[in-house]
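Visitor: Please read through the structure below; I'll follow up with questions.
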Amino acid sequence: MPRHTIRTLNLFGSIALALALSAGVALAQQQPPAAAPAGRAAHFSDQQLQAFAKAALQIRAIAEKARAALQSAKTNKAKEEVLGSVQTRQIRALKSNGLTVAQYEAISAAAQHDPKMRLQIGKYVKQDLGKK
C-alpha cells in the first residue's frame, strides 16, 4: 500500500464528513461541481453509504489521535511508525465496514458531485454520531 494512502484516506474522510454534514452548501458556493463521469452515474446502495459514513467517522477519529502522537514523536523513525500504524488501523476500519480503499474513495468522489448522495451520507453520519 503506497505511503500516500494514509493522506488520501484522511483527505477523503475529512472531505466526506464536511460534505455530508454541510450537505454541500458551502462547497457548492466555493466551486462549481465537476461533471459526473461520462455515461456513468455512480450508484451505491444505502448499505454502502452507511458503511462509508461509519468508516469516515472511524478514520477521522484515528487521524485525530494520530496527530497528537505525531506531534510528540521525536524522531523521523518514530513518526514513520505512527504513520504506519495509522494506515493499518484506517484500512482495518474500512474492512470492518465492508469497504476497500477503492470503494471508499469512489464513494467519496461521487459524493462530491451528487448533492443527494451527500445528504444521504450526512443523514447516516448524524445517525452514527447520535448513537455515541
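Visitor: Just to be sure before I move on: is residue 96 under 16 Å from the mean Cα position of the chain (by Cα) and either open to solvent by 40 Å² or more (accessible area, probe 1.4 Å) or under 16 Å from residue 128 (Cβ atoms) (or both) in the structure I sent? Steps first, please.
Guide: On the way: under 16 Å from the mean Cα position of the chain (by Cα): yes; either open to solvent by 40 Å² or more (accessible area, probe 1.4 Å) or under 16 Å from residue 128 (Cβ atoms) (or both): yes.
So residue 96 passes the test.
Visitor: Filtering segment 58-87 down to residues that are outside any helix (DSSP H, G or I) and either open to solvent by less than 70 Å² (accessible area, probe 1.4 Å) or of a type outside the set (Lys, Arg) (or both), which residue is farthest from residue 124 (Cα to Cα)?
Guide: Among residues in segment 58-87 that are outside any helix (DSSP H, G or I) and either open to solvent by less than 70 Å² (accessible area, probe 1.4 Å) or of a type outside the set (Lys, Arg) (or both), the one farthest from residue 124 (Cα to Cα) is 75.
Visitor: Just checking, which of 90, 112 is under 29 Å from residue 49 (Cβ atoms) and surrounded by 20 or more Cβ atoms within 10 Å (Cβ to Cβ)?
Guide: Only one candidate qualifies: 90.
Visitor: Collect the residues in segment 123-132 that are in a helix (DSSP H, G or I) and open to solvent by 70 Å² or more (accessible area, probe 1.4 Å), keeping them in residue-number order.
Guide: Let us first name the residues in segment 123-132 that are in a helix (DSSP H, G or I), namely 123-131.
Matches in segment 123-132: 123, 126, 127, 129, 131.
Visitor: Then there's this: Is it the case, given these coordinates, that residue 103 is touching a residue at least 12 places away in the same chain (Cβ under 8 Å) and open to solvent by 50 Å² or more (accessible area, probe 1.4 Å)? Before you say what the answer is, go through the steps one by one.
Guide: Numbers: touching a residue at least 12 places away in the same chain (Cβ under 8 Å): yes; open to solvent by 50 Å² or more (accessible area, probe 1.4 Å): yes.
Against the criterion (touching a residue at least 12 places away in the same chain (Cβ under 8 Å) and open to solvent by 50 Å² or more (accessible area, probe 1.4 Å)), residue 103 qualifies.
Visitor: Hey, another quick one. Please specify each residue of segment 110-122 satisfying the condition of being touching a residue at least 40 places away in the same chain (Cβ under 8 Å), in a helix (DSSP H, G or I) and of a type outside the set (Val, Ile, Thr).
Guide: Filtering segment 110-122 for residues touching a residue at least 40 places away in the same chain (Cβ under 8 Å) gives 110-115, 117-122.
Add one more test, that the residue is in a helix (DSSP H, G or I), and what stays is 110-113, 115, 117-122.
Selection gives 110, 111, 112, 113, 115, 117, 118, 119, 120, 122.
The values are calculated or read from the model by the stated rules, or taken from the named source; none is laboratory data. Note that the structure is predicted; figures quoted are calculated from it, not measured. Virtual Cβ from ideal backbone geometry, glycine too; neighbours counted across all protein chains shown. SASA here: full protein model, heavy atoms, side chains in, ligands and nucleic acids out. Shrake-Rupley method; radii C 1.70, N 1.55, O 1.52, S 1.80 Å.
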